[in-house]
Amino acid sequence: MSSLPSTHASEGNEWESALASAGCLDLFRQHHAEATAESVTRFLAFSEHNPSSIRQCLETARFNARAVRTALTVEMWETINGAWLEIQDSKPHALPFIDIPRFLDWVKEVSLRFDGSGYRTMLRNDAFYFSRLGIYLERADATARILDVKFHFLLPATSPVGGGVDYAQWSAILRAVSAAASYHWVYRESLKPWLIADLLILKEEMPRSLAACYANIITNLDHLAAAGGRQGAAQRRAHALYRKLRSENIAQIFQSGLHEFINGFIADNDGVNAAVVEQYLS
Amino acid sequence: MRIAIQHRTQYSYDTPARSIIQMLRLTPRSHEGQTVHRWHVEVDQDADLRAGEDAFGNIMHVLSLPGPVDSLTLSLHGEVETAGADGIVRGTVERFPPRLFLRETPLTGVNPDLRAYADAVVRGATGTLDRLHALMNAIRADIAFDTSPTNVTTTAAEAFTLKRGVCQDLTHVFIACARDAGIPARYIGGHLYRSDGAILQEAGHAWAEAYVEELGWVGFDPANGVCVTDSYVRVSAGLDYLGAAPVRGTRMGGTSERMSVDVRVNQASFQSQS
Amino acid sequence: MAFDEMHTEGGAVRSAYAGVASWLETVSADQLARRRAEAELLYRRGGITFSVYGDTQGGERIIPHDLLPRILSAAEWSRLAAGLEQRVRALNMYLTDIYGPQETLKAGIVPPDLVWRNPAFRPEMMGFKVPHGIYVHIAGIDVVRVDGDDFYVLEDNARTPSGVSYMLGGREISMRLMPDLLASHRVAPIENYPNELLAVLCSVAPRDRSEPTVVLLTPGQFNSAYYEHSYLADRMGVEPVEGRDLFVQNDVVFMRTTKGPRRVDVIYRRIDDDFLDSLVFRPDSLLGVPGLFAAYTAGNVTLANALGTGVADDKDIYSYMPEITRFLLGEEPILKNVPTWRCREPEALAYVCEHLPELVVKRVDGSGGYGMLVGPHATVAERAAFKVMLQANPERYIAQPTLALSTCPTFVESGVAPRHVDLRPFVLTGRHGVRIVPGGLTRVALRENSLVVNSSQGGGTKDTWVVER
């Protein structure tokens, strides 16, 4: 959202849509009267009241990383611990609003470094498969939520389709998921909402699409099944969801309702998550 | 006296426990003046039950149930022949010299108040035996029997401050005072055949043994103000309740544990013989 | 005057330190300061921290590391190593005796109450034959020097000694930040410590298996030594577990894994005795594993160290170690003991009370520099207050002369200056004998004149180089 050019941002409820997408609109309202660019951004980035603010997430991540220190490589641990120390030292919550994008860029770098160092340095064993599994389960959830909120709030917007605001918003979505260039390589067309949905739901070559996430989820679950010598509900549910994604096309999805489709997906994804916990971690 | 004992503990849970593990000190041994004729331990679920012996020579069972378990009943029954010996206990399994039983444990430590009390009580008495009798009588007089204010974690000093407690608390106070006076003392768990005819009891009984140089170990029951007689069945001995506890256990998972204990101690001749 | 390990009384550099001296001439204070800042950053980034007791979650601190190595010659080390090996053999023999035939008590070598009434004595261990007869698999023996000839044992640590991760971390720092100096010396390697430790743990497994399952049992991340627990587990390649990750079924210990239960053979436990099993020890402990003790005494799992080892390492028993060594090993002790007054003996107490300004008084069961009085550095009021505590419970204290601990060159605010040091070598005992990696953790009192090297009291660490000729 903060990547949206401010002159093009329309009033009020876009910021609420950002909160809704992050699942913390109610929490926000407990602490703030008005959803402005600054109040929402600070709430999502730094608030101590918001357990999923970036700052709280890093705090939790570091706490959890320390608890499972031996499951991480030195590079992964030092990335998380280094970022945690950086936040302790530099106090980014005191930054002026205008400097927050720089902080957000730094956060992206940290996540990429963590992800990348995991990919490069971890032994290919259970710990690796579980870490990948977690990444893709969360990623699928995040992609679905971004899509839902954008379409839910933006599509019926009063501005004419193809107008300036509209274009800026669609382009903001693509940049938010680091897919602006990819879109053009895949479709070679101007931005169309249904093509963006197609890219983020069904295109397996798009690494954060739901289909790509599920291709990875089943791969990692299959590794776990092979290592442990047993299949279970987690594998069955994940394969079923992947098959479903493979059999869809975007016209069908729009016809029967994108919002309904995404809500269904989020619930199914939660189901896979719960099956993993039940099967392996309890 | 031939004493018949039935002891039943029932556990149940609202949601089943994933597993249960318990250490049981529920089986008496024979010694001079106490002969165990028969003794049975029964569990109503499939379980691992391994018999062994702890460091103090108590017979101990380790009970483990892999679960899920929504209820468990542990039953013991047996008959023991007893003969009075003026409170003196002979022929017991002794793995340690008496002075080990001068050790302070968290449950049997003294605080300044309790130390002052112990000093005052034993000051007038001459000889170890007299001091122990004075101690037993004073504790019986000064600490009221009351099941409400204390529990299994109550220390001797706490019970003394409350001036109330159950047989376990009175025994702890007795042990703490005796040890502070330099007399080895230990905790005994067992059963008491009550002459008042109360066959059904809510729990086992507890008393103390103290070491008197010329006599050996002597049993003192501060809850009743007597030395042990042939109405007492000795089951376990330890430094304190925790070392002699009939059951120490834990469970994984499971909610709202309900436990009921039912102990019957009777003269064997009163039971129908088959 | 304290013994200076680098300089002779005449001011000449001792041969072991010749390399350090010439290296110091080539670096400026600025360069040293930069390297020190870099070292601190490495420690911080790596999360190499300890928690201070009483602090809450935020209380992670790093232990200051001094870059200048402490150097021992190979000849000094081999003498020390022989003494350490003997000391730990004596500790193990003593424990075997105390939990067995008790010849030391019968012969009057040790007063029986030091066993029977010692809180660290575990009656539950009596008569149990520990696997392969080893109680103390990992010992940390604190030694000090007061002159060029002798090492004195200051304290035996036979329970769950910590600090080895700082020994290893110090060497990593030397390799990264002092490569020039390191390369100019032939330093005996210590990096294989985790392998040695694992080999020792495997060697004492109860079942004859080619690859026994070893785990490291930690109280969890709020423990002050948690960093060390995860570091050692990582370097050994064994699972770090908390109590809730293990369970006992039918006297066998299992670890929960994502592939189902896996039988555990050896537990390197970094949890104190009291907390290991709520069915036998503290009933309120959530850190341990219910049923573990029964599995242990059934011979189905090995605990390292064994339970009840504290009966051999308190400061009261310490004073009997020379006699214990002579009696049980029939050998003359190689390492010296610091003369010790046992305050429970009335004449000793009287002497200690009269000479408090010269003595160090320690709690028998104390550790970490807590609850002790350093007479010469205490105020009159502190000494008076301590005397009251001492007289109320004299049996809880021992006293020793204030030793002039040796000094090593240390980089401090004023430049390079001598500071007092001790040394904690780590001694491993397995089925195939005793192993000691050369060196140990040198702790340094960073404050001028301070004799307290404990990390909780302003102490730092140094890398220890055993230099081969």
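Numbers at a glance
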{"read-out": "Cβ-placed point charges (K, R +1; D, E -1), dipole of the protein assembly as shown about Cα centre in debye, nearest 20", "value": "1460"}
{"read-out": "Under 5 Å, built H, 5+ apart or other chain: amide partners of C:GLY430", "value": "C:ARG435"}
{"read-out": "Carbon plus sulfur fraction of accessible area for chain B, probe 1.4 Å, in percent", "value": "47"}
{"read-out": "Rounded if a/c under 1.5, otherwise prolate or oblate - region B:183-269, Cα gyration tensor axes", "value": "oblate"}
{"read-out": "Heavy-atom accessible area, 1.4 Å probe, ligands and nucleic acids excluded: residues of region C:73-120 down by at least 50 Å² from chain alone", "value": "C:TRP116, C:ARG117"}
{"read-out": "More than 19 angstrom apart: percent of Cα pairs within region C:403-456", "value": "41"}
{"read-out": "Neighbour net charge for A:PRO207 - beta-carbon separation under 13 angstrom, K R +1, D E -1", "value": "+1"}
{"read-out": "Packing rank of C:128-140, C:385-397, where each peptide gets the mean count of other beta carbons within 10 Å, highest leading", "value": "C:128-140, C:385-397"}
{"read-out": "Cα gyration tensor, chain A - rounded (a/c under 1.5), prolate or oblate", "value": "oblate"}
{"read-out": "For chain B, calculated [θ]222 nm from helices alone, where every DSSP H run of n ≥ 4 adds -39500 (n - 2.57)", "value": "-5500 deg cm²/dmol"}
{"read-out": "Whole-number Å³ per residue for the convex hull built on Cα positions in region B:88-243", "value": "106"}
{"read-out": "Mean ellipticity per residue at 222 nm, deg cm²/dmol - from DSSP H runs of n ≥ 4 across chain A, formula -39500 (n - 2.57)", "value": "-22500 deg cm²/dmol"}
{"read-out": "Cα-Cα separations in the protein assembly as shown greater than 55 Å, expressed as whole percent", "value": "31"}
{"read-out": "Solvent-free Debye scattering, log10 I(q)/I(0), computed from the Cα coordinates of chain C at q = 0.07 Å⁻¹", "value": "-0.37"}
{"read-out": "Chain B, relative contact order [Cα under 8 Å, separation at least 6], %", "value": "30"}
{"read-out": "In order through region B:129-136: 3J(HN,Hα) via Karplus (6.51 cos²θ - 1.76 cosθ + 1.60), integer Hz, x for Gly, Pro", "value": "4, 4, 5, 5, 5, 4, 5, 4"}
{"read-out": "Average other protein chain Cβ within 10 Å of Cβ, residues C:252-259", "value": "3"}
{"read-out": "Average other protein chain Cβ within 10 Å of Cβ, residues A:257-264", "value": "0"}
{"read-out": "Between C and B, accessible area buried - total, square angstrom, nearest 100, 1.4 angstrom probe", "value": "2000"}
{"read-out": "Computed over region A:124-282: relative contact order in percent, which uses C-alpha pairs under 8 Å that are six or more apart", "value": "30"}
{"read-out": "Amide hydrogen neighbours beyond the local backbone of C:VAL360, cut-off 5 Å, H modeled", "value": "C:GLY375, C:GLN400, C:THR402"}
{"read-out": "Sequence ranges A:266-274, C:61-69, C:311-319, ranked by mean other-Cβ count within 10 angstrom, highest first", "value": "C:311-319, C:61-69, A:266-274"}
{"read-out": "Qualifying trypsin sites (Lys or Arg not before Pro) for region C:167-247 [loop in DSSP, other Cβ within 10 Å: at most 14]", "value": "C:ARG186, C:ARG207, C:ARG209"}
{"read-out": "Residues along region C:263-296 losing 50 Å² or more of accessible surface when the other protein chains are present rather than the chain by itself (probe 1.4 Å)", "value": "C:LEU279"}
{"read-out": "Chain C: relative contact order in percent, alpha carbon pairs under 8 Å with at least 6 residues between", "value": "24"}
{"read-out": "Computed helical MRE - 222 nm, chain C, DSSP H runs ≥ 4 contributing -39500 (n - 2.57), nearest 500", "value": "-9000 deg cm²/dmol"}
{"read-out": "Karplus-derived HN-Hα couplings along region C:415-425 (A = 6.51, B = -1.76, C = 1.60, θ = phi - 60°), whole Hz, x at Gly and Pro", "value": "x, 8, 9, x, 9, 6, 9, 10, 8, 10, x"}
{"read-out": "Region C:222-296-region A:82-137 distance, computed between alpha-carbon centres (Å)", "value": "32"}
{"read-out": "Radius 15 Å from Cβ of C:PRO357, net charge of other residues (Lys, Arg +1; Asp, Glu -1)", "value": "-1"}
{"read-out": "Dipole moment magnitude, nearest 20 debye, chain C about Cα centre, only Lys, Arg, Asp, Glu C-beta charged", "value": "840"}
{"read-out": "Estimated dipole of chain B in Debye, rounded to 20 [Cβ of Lys and Arg +1, of Asp and Glu -1, Cα centre]", "value": "180"}
{"read-out": "For region B:224-229, Karplus couplings with θ = phi - 60° (6.51, -1.76, 1.60), whole Hz, Gly/Pro x", "value": "10, x, 9, 7, 5, 10"}
{"read-out": "Probe 1.4 Å, protein heavy atoms only - accessible area per residue of region C:339-401 in square angstrom", "value": "51"}
{"read-out": "Overall form of region C:339-401 per C-alpha gyration tensor (a/c, 1.5; a/b vs b/c)", "value": "rounded"}
{"read-out": "Separation of alpha-carbon centers, region B:26-70 and region B:195-274, rounded to whole Å", "value": "15"}
{"read-out": "Antiparallel bridge percentage (DSSP; both residues within chain C; nearest 5)", "value": "70"}
{"read-out": "C-alpha center-to-center spacing [region C:444-469, region C:415-438] in angstrom", "value": "12"}
{"read-out": "Among B:LEU170, B:ALA141, B:ILE183 the positive-end extreme of the charge dipole of region B:88-243 (Cβ point charges)", "value": "B:ILE183"}
{"read-out": "Intensity falloff of region A:124-282 expressed as log10 I(q)/I(0), Debye formula with alpha-carbon point scatterers, at q = 0.09, 0.16, 0.17 Å⁻¹", "value": "-0.32, -0.88, -0.96"}
{"read-out": "Per-residue mean of C-beta atoms belonging to partner chains within 10 Å, peptide B:100-109", "value": "3"}
{"read-out": "Relative frequency of Cα-Cα separations exceeding 32 Å in chain B, percent", "value": "24"}
{"read-out": "Amide H within-cut-off set for B:PHE220, under 5 Å, with H built and near neighbours excluded", "value": "B:ALA208, B:GLU209, B:ALA210, B:VAL228"}
{"read-out": "Packing-based ranking, highest mean first, of A:18-26, A:217-225 given that Cβ atoms within 10 Å are counted", "value": "A:217-225, A:18-26"}
{"read-out": "For A:LEU19, net neighbour charge (Lys/Arg +1, Asp/Glu -1) across residues whose Cβ lies under 11 Å away", "value": "-2"}
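The values are calculated or read from the model by the stated rules, or taken from the named source; none is laboratory data. Because the structure is a prediction, the values reported are computed rather than measured. As a convention, Cβ positions derive from the backbone with ideal geometry for all residues, glycine included, and neighbour counts pool all protein chains shown. Remember, those area values only see protein heavy atoms, side chains included, never the ligands or the DNA or RNA. Shrake-Rupley method; radii C 1.70, N 1.55, O 1.52, S 1.80 Å.
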